[in-house]
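Heads up, the thing below is written out as structure tokens.
The values are calculated or read from the model by the stated rules, or taken from the named source; none is laboratory data. Since we're looking at a predicted model, the values are computed, not measured. Glycine also receives a Cβ, built like all others from the backbone with ideal geometry; neighbour counts cover every protein chain displayed.
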Amino acid sequence: MAYDVAALGELLIDFTQNGRSEQGNLIFEANPGGAPANVLAMLRKLGHSCVFLGKVGADAFGDLLEDTLHSAGIDSRGLRRDTAAHTTLAVVQTFANGDRDFSFYRRPGADVDLSADELDEDALRNCRIFHFGSLSLTDEPVRSATHRAIALAREGGALISYDPNLRRPLWQSDEQAKEQITWGFSQCDVLKIADNEIEYMFGTTDFDRGAALLQAQFPNIRLINITAGADGSHAYYRDSRVYEPGCRLGGVIETTGAGDTFCASVLHFVLCNGLDNLTEQQLHAMLRFANAAAYIVTTRRGAIRSMPEPAEVEAVLAKM
């Protein structure tokens with residue numbers, strides 16, 4: 001079977017704050033998440049066939065996550081179960097402005113234990129886009145599995161999509177993080193990167209400068225998208241640079257999954273339009289749709305089960 005998008009990486013439980021108990025204790029809701037799976041969930045809403053490759057524990061949370069993939073319409077043929085390590089967990093602390101801080105329970109964590117010999121090679125050779133992030137580059141054996149997956153996808157003619165999705169607590173050092181994130185840059189055709197990641201990697205808050213450095217060092221990257229939360233997003237393609245402001249209709253609860261929703265919307269655009277001879281008008285439309293979709297997710301809790309329908313995105317666009 002051929003797929004529009006295959007994604008590899010973490011599939012985990014995000015414990016997000018959801019009020020307080022009668023005793024005044026914080027209540028945490030177990031939301032299925034993980035950036036690559038979030039991307040696929042939105043792509044399914046947009047009508048694309050998707051397959052996930054990764055590993056969860058042979059535990060109740062693993063059962064929940066496998067069921068979540070099925071209910072989202074994501075093919076789980078590449079999902080493996082680990083009897084030696086539990087499903088990876090993340091506790092998400094949400095601040096008043098909707099931003100977050102993550103605490104991970106991942107050493108050990110099942111997602112890190114995916115090995116190259118566990119990959120579904122047929123799925124990787126038969127996808128139009130392969131998507132990954134840097135969390136599958138933090139440790140072995142999943143780092144080697146990611147390398148192999150990219151090679152297999154490229155053999156099949158797939159475009160490579162990458163979102164660094166920086167989570168500093170998961171790296172042994174900043175040096176290791178920067179080395180591995182840079183390797184990801186060298187592999188991709190389409191890059192989605194956040195404002196804080198540009199500053200972390202290049203020491204600048206000037207997006208134009210950051211994009212110019214990326215284009216100079218990594219000519220393989222054909223489309224760069226930089227997100228800046230409520231301040232909007234930027235696209236860099238050949239000599240074109242376009243900007244679209246963020247959606248400010250209110251009601252933001254938390255931002256988990258917003259960047260993944262944006263990324264999925266960009267991949268939807270690429271699937272529909274390709275990467276050749278794009279116009280600035282097309283890039284503006286791409287960013288507007290992606291910004292609107294990402295905004296909707298910030299008004300809901302969780303990610304995989306919070307992805308909007310296309311009609312909901314169009315309704316927001318009509319108000320922007």
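Some notes on this structure:
- When restricted to residues that are over 15 Å from the mean Cα position of the chain (by Cα) and either of a type outside the set (Lys, Arg) or over 16 Å from Val316 (Cβ atoms) (or both), region 229-263 contains 24.
- Residues that are outside any helix (DSSP H, G or I) and either aromatic (Phe, Trp, Tyr) or over 21 Å from the mean Cα position of the chain (by Cα) (or both) within region 264-320 comprise Asp276, Asn277, Leu278, Thr279, Ala318, Lys319, Met320, listed in sequence order.
- Residue check, Phe202 more than 16 Å from the chain's Cα centre (by Cα), buried (at least 20 other Cβ atoms within 10 Å of the Cβ) and under 24 Å from Asp239 (Cβ atoms): no
- Residues that are acidic (Asp, Glu), without any contact (Cβ under 8 Å) to a residue 60 or more places away in the chain and either assigned to a helix (DSSP H, G or I) or under 22 Å from Gln93 (Cα atoms) (or both), drawn from region 224-256: Asp231
- Checking Ala116 against (1) surrounded by fewer than 23 Cβ atoms within 10 Å (Cβ to Cβ); (2) of a type outside the set (Val, Ile, Thr); (3) touching a strand residue (DSSP E or B) at 6+ places or on another chain (Cβ under 7 Å), the condition it does not meet: (3)
- The single condition among (1) crowded, with 20+ Cβ neighbours inside 10 Å; (2) out of contact with any strand residue (DSSP E or B) (no Cβ under 6 Å at 6 or more places or on another chain); (3) at pLDDT below 95; (4) not aromatic (Phe, Trp, Tyr) that Val142 does not meet is (3).
- Consider region 1-22 and keep the residues that are of a type in the set (Asp, Glu) and farther than 19 Å from Arg80 by Cα. The one that is surrounded by the fewest Cβ atoms within 10 Å (Cβ to Cβ) is Glu22.
- Only one of Pro36, Pro108 that is under 30 Å from Glu314 (Cβ atoms) and touching a residue at least 24 places away in the same chain (Cβ under 8 Å): Pro36
- Among the residues here, Val297 qualifies as over 24 Å from Phe185 (Cα atoms) and crowded, with 24+ Cβ neighbours inside 10 Å.
- Residue in region 23-31 that is buried (at least 22 other Cβ atoms within 10 Å of the Cβ), in contact (Cβ under 8 Å) with a residue 12 or more places away in the chain and not in a strand (DSSP E or B) present: no
- When Leu65, Leu152 are checked against the criterion of being of a type outside the set (Gly, Ala, Ser), in contact with a Leu (Cβ under 8 Å, 6 or more places away or on another chain), in a helix (DSSP H, G or I) and closer than 30 Å to Gly274 by Cα, Leu152 stands alone in meeting it.
- Between His70, His48, the distinction of being touching a helix residue (DSSP H, G or I) at 6+ places or on another chain (Cβ under 9 Å) and at pLDDT 95 or above belongs to His48 only.
- Pairs where the first residue, in region 114-126, is acidic (Asp, Glu) and the second is surrounded by 16 or more Cβ atoms within 10 Å (Cβ to Cβ) and not in a helix (DSSP H, G or I), C-beta under 8 Å, 6+ apart: Glu118/Lys55; Glu118/Arg80; Asp120/Val51; Asp120/Leu53; Asp120/Gly78
- Applying the set (1) in a helix (DSSP H, G or I); (2) modelled with pLDDT of 95 or more to Pro169 leaves exactly one unmet item: (2).
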